[in-house]
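Novice: What follows is a structure written as structure tokens; I'll ask about it next.
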Amino acid sequence: MALLAALWGASYLFIKVALDDLSPVALVFVRTALGALVLAPVAARRGAFAPARRHLGTLALIAAVQIAGPFLLIAAGEQSIPSSLAGILVASAPIWTAILAGAFVPEERLPRRGLAGVALGIDGVALLLGVDLGGGDAVLGGALNVLASLGYAVGALLAKRRLADVPAVGLVASIMSLSSLFLLPALPFAAPAHAPGLDTVAALLVLGAGGTGVAFLIFYVLNAEVGPSRASIVAYIAPGFSVVYGVTLLDEGFTAGTAAGLALILAGSWLAADGRAPRLSRSAPSRSSAPAPARAR
């Protein structure tokens, strides 16, 4: 679980490094393509693509709203905000999941405790956007990351309702592959003007193959060994890693406002899940069959 949180928490650091040489479109294309290359052989070996093919339209929709869209928004947002703050803001995904579930799934309407959690989490987001970021482009960058977390929540609910019969590895391999295909036509217009540096190449390899591919496989092992509720505790751990990486390796600041915003968002997520670990939405598409990622995931 610590390894998984370390990989997902590091995604924001590697995005920040890769943005020195790449546009968000090029970065996300490579990230999703590498993730697909890691996951597709596993899915094919397990025969997980056959059930997925019956839901190609839904898979394409989820790939757009939960992978390609959020990944692009996070990368674009990190052009103007610290990587540690991006990791904290995206951790608000369980709050938006609770709001959407309560609004559109009658049996999942929130009790008072859950509503209090939603309010706390929104306060945390508002604190970070209004106080810690200061204003200007930074607020826009933060808002893009919050919008990405909303995309994770929408995709999680869609997958839960429509793709319950698709094995998790087939689902994630499919949406990673579709996401890279969606971005392929834009790639000639987003190609870098110069050859990426070795630090960018290394960051992309770890981000795509590690944080987007291997991390999902680790989650599947955890999911089978300890169950989805315990495995999803990683949602609380990963933001801490993103803060540690950003502060120690990129010399990013960590203010009292950042600490307060992180505490409010994590406490709100816990309460919105009725005092239980929220099922992951950021690195996986489905609450019932897969992690959500990530912060990615």
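Quick note: the coordinates plus some simple rules give every number you see, no bench work behind them. Please read all numbers here as calculations on a predicted model, not as lab measurements. We place every Cβ from the backbone using ideal geometry, glycine too, and count neighbours over all the protein chains shown.
Novice: In whole Å, largest first, what are the principal axis extents of the Cα atoms in region 176-220?
Specialist: Principal extents (largest minus smallest coordinate, Cα): 38, 26, 6 Å.
Novice: ILE233's amide H: which non-local residues (gap 5+, or another chain) put their own amide H closer than 5 Å, with H modeled 1.01 Å from N in plane and none for Pro or chain starts?
Specialist: Hits under the 5 Å cutoff: none.
Novice: If packing is taken as the mean number of other Cβ atoms within 10 Å per residue, what is the order of 124-131, 28-35, 82-89, highest first?
Specialist: Values: 124-131: 19.9, 28-35: 26.2, 82-89: 29.0.
Packing proxy ranking, top to bottom: 82-89, 28-35, 124-131.
Novice: How would you classify region 1-41 from its alpha-carbon gyration tensor, with a ≥ b ≥ c the square roots of the eigenvalues: rounded for a/c under 1.5, else prolate if a/b is greater than b/c, otherwise oblate?
Specialist: Judged from the Cα gyration tensor, region 1-41 comes out oblate (a/c at least 1.5, b/c at or above a/b).
Novice: Let me ask another. Cut-off 16 Å, label point 7 angstrom out along Cα-to-Cβ of ASP20: give me the residues of region 195-212 whose amide nitrogen falls inside.
Specialist: 195-207
Novice: Report the full-extension gain for the segment LEU37 to ASP123: residue separation times 0.36 nm, less the Cα-Cα distance, to one decimal in nm.
Specialist: 27.0 nm
Novice: Which FRET efficiency value, to the nearest 0.05, is calculated for VAL221 and ALA256 with the Förster distance at 35 angstrom and r the Cβ-Cβ distance?
Specialist: E between VAL221 and ALA256, to the nearest 0.05, is 0.35.
Novice: In addition: Going 7 Å from the Cα of ALA186 along its beta-carbon direction, which residues of region 135-151 have the amide nitrogen within less than 15 Å of the resulting point?
Specialist: So the set is 144-145, 148.
Novice: Quick check: residue separation of ARG109 and LEU249 times 0.36 nm, minus the Cα distance between them. What number comes out in nm?
Specialist: Details: separation 140, 0.36 × 140 = 50.40 nm, distance 4.16 nm.
Contour length minus the Cα-Cα distance gives 46.2 nm.
Novice: Further question: Using only DSSP helix segments of four residues or longer, with each worth -39500 (n - 2.57), what per-residue ellipticity at 222 nm results for the chain after dividing by its residue count and rounding to 500?
Specialist: Estimated from H runs of four or more residues: -21000 deg cm²/dmol.
Novice: Would you mind computing Rg(Cα) / (2.2 N^0.38 Å) for the chain, counting N as its residues? Write down the numbers at each step before the final one.
Specialist: Working: Rg = 17.5 Å, N = 297, 2.2 N^0.38 = 19.1 Å.
Rg over 2.2 N^0.38 Å, computed on Cα atoms: 0.91.
Novice: Rg and Dmax of region 1-83, using alpha carbons, in Å: what are they?
Specialist: Gyration radius and largest Cα-Cα distance of region 1-83: 14.8, 42 Å.
Novice: Compute the FRET efficiency between SER80 and ALA193 as 1/(1 + (r/R0)^6), taking r as their Cβ-Cβ distance and R0 = 22 Å, and round to the nearest 0.05.
Specialist: 0.60
Novice: Give me HIS194, HIS55 ranked fewest to most by other Cβ atoms within 10 Å of their Cβ, as a rough exposure proxy.
Specialist: So the residues, fewest neighbours to most, are HIS194, HIS55.
Novice: With the cut-off at 15 Å, report for region 87-175 the share of all Cα pairs above it, as a whole percent.
Specialist: So the portion of pairs separated by more than 15 Å is 65 percent.
Novice: Taking Cα centroids, how far is region 109-142 from region 165-216 in Å?
Specialist: The two parts, judged by their Cα centres, are 29 Å apart.
Novice: So how far, in whole Å, is the C-alpha centre of region 234-251 from the one of region 27-50?
Specialist: After rounding, the separation between the Cα centres reads 26 Å.
Novice: Using the eigenvalues of the Cα gyration tensor, what equivalent ellipsoid semi-axes result for region 52-103 when each is taken as the square root of five times the eigenvalue, whole Å, largest first?
Specialist: 25, 17, 7
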